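Following: one structure in structure tokens, then a few remarks.
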Amino acid sequence: MSRQSIASALFKGLIAGGLSVAALSPIYAQAEPLKVVTSFSILDDMVETIGADHVSVTSLVGPDGDVHAFSPKPSDAQSLADADLIVVNGLQLEGWIDRLIDASEYQGDIVVASDGIKTRPFEGHHDEDEGDDHGHDHDGHDHDHDHDHDHDHDHDHDHDHDDHDQAANGGEEGHHHHGDIDPHAWQDLENGEQYARNIRDALVKADPDHADDYRANAEQYIEKMEALDAETKQRMAQIPEQNRLIITSHDAFGYFADAYGLELLSPVGINTLAEPSASDMAQLTQQIESSHAKALFLENMSNPALINQLHEETGIAIGGTLYADALTPDGEGSTYLGMFQHNVDTLIEALTTND
């Protein structure tokens, strides 16, 4: 009897004895992980935390990457084409995403993680010098994200389709206008909880076989956010009133400031690509010198030159580096909760230290 015949007979005997195929070959019982593409690293960590082993996540903008300055590559379009689910921040953060999705011909669901939050207006710089208003509106209000997905190609796209090819081939498409809504909503942990709920619901819909796992993971995740939120409010309340003004590279901490009682100034407003004019810098320097600002803060994904210049001109100390729009490749800033804890610790240390 050949080896193949022996193996076949053994297999049939085991099955006859009540042993399942799944028990013999676990690989047959395991579905492929859900392929999820996220727009940037913070969403990547959220999806991995909730999805765990049931998801395989690709982030378009990786750790220490600047989502404002991102220029898609052809490989990014292919990643979207292969995805089962796409997760974006919305609120016009990703001005390049619509063209990239169009170029990829992706037909699945798109999750806007910020859906359902209370947005804050952005009243600072409006990136007037960019001259690149793409008219995107991923704000979570003009899209039906439970669609079978034609991506609503009639929904106020102000670009033409020549831009799709440019975006998918690394053109200068990361330069975009944010409009009047602050997109950095994850900087308030209560909003982070809503992000988690939206991601949970999307994973449950896309992969109902693992719904219980997604719900349990999300529940634990949200509980950790609630605890850190309470701790942050308690610790921030200890900062003297006169020390609550901070200066950061760009205006990414408005939600944080509103939630935890700080004041905020920034040299370039909301967009890291903007460069303040000499008159803007002179006005800001004068404003800082006449204010009660306690510290200046660098950001992990922004050029430190502006903050260093302000430090030299005003003499105000640099209080450390904050994580704004991106996680770090490793260490304490490599997760959303770790990023948030680092920012709180850095701010507390700088703002409560005696002069």
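Here, each number is a calculation from the coordinates, and none is a lab measurement. These figures come from a predicted structure and were not determined experimentally. With ideal geometry, Cβ positions are generated from the backbone for all residues, glycine too; neighbour counts draw on all protein chains shown.
Computed quantities for the displayed model
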| item | result |
| --- | --- |
| Under 5 Å, built H, 5+ apart or other chain: amide partners of L34 | V55, S56 |
| Using θ = phi - 60° and Karplus 6.51 cos²θ - 1.76 cosθ + 1.60, couplings along region 232-249 (whole Hz; Gly, Pro as x) | 5, 4, 5, 6, 5, 5, 7, 6, x, 3, 6, 9, 8, 8, 10, 10, 10, 4 |
| ³J(HN,Hα) computed for each position of region 72-82 - Karplus, 6.51 cos²θ - 1.76 cosθ + 1.60, integer Hz, glycine/proline x | x, 10, x, 5, 5, 4, 5, 4, 5, 4, 8 |
| Partner lysines for K118 [C-alpha distance under 30 Å; skip if fewer than 8 residues away on the same chain] | K35, K205, K224, K233, K294 |
| Peptides 207-220, 188-201 ordered by average Cβ neighbours within 10 Å, highest first | 188-201, 207-220 |
| Positive minus negative residues near G320 (Lys, Arg vs Asp, Glu; Cβ under 10 Å) | -2 |
| Nonlocal amide H pairs with F40, under 5 Å, H built at 1.01 Å | L60, V61 |
| Built amide H within the under 5 Å cut-off of A295, gap 5+ | I247 |
